[in-house]
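Enquirer: I have a structure I would like to understand better, so I am pasting it below and will then ask my questions one at a time.
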Amino acid sequence: MTKSTNTNAPNVVTPPHPDRRLSTKDLLIETAERLFGQRGFDGVSLREIAVEAGQSNANVVQYHYGDKAGLISAILESRV
């Protein structure tokens, strides 16, 4: 969400443009949430999440979240 840049308008929050790509972190969260829902936490590896999210770096989840627990925490925080 972004604030309006029109200085005469009140602070209005506008949704992101529908064609805007998700950030890598958001893409990983969405992908992990879907895979965890289908197969459970123990049924999905971090590497599978990276591949399913279309990432070429197999360690991208560890880079952004440290480990599976960090990713799960990020998913929960995104839902609260």
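Enquirer: With all protein chains present, how much of the accessible area of the stretch 22-65 (probe radius 1.4 Å) comes from carbon and sulfur, to the nearest whole percent?
Expert: Its accessible area is 46 percent carbon and sulfur atoms.
Enquirer: Place a label point 7 angstrom from the Cα of Arg47 along the Cα-to-Cβ direction, then list the residues of the stretch 59-80 whose backbone nitrogen is under 11 Å away.
Expert: 59
Enquirer: What net charge is computed for the residues neighbouring Val44, neighbours being all others with C-beta under 15 Å from the C-beta of Val44, Lys and Arg scored +1, Asp and Glu -1?
Expert: -2
The values are calculated or read from the model by the stated rules, or taken from the named source; none is laboratory data. If you're wondering where the values come from, they're calculated on a predicted model, not measured in any experiment. Heads up, the Cβs are rebuilt from the backbone with ideal geometry, glycines too, and the neighbour counts pull from every protein chain shown. Quick note on the areas: whole protein, heavy atoms, side chains included, nothing else; ligands and nucleic acids left out. Shrake-Rupley method; radii C 1.70, N 1.55, O 1.52, S 1.80 Å.
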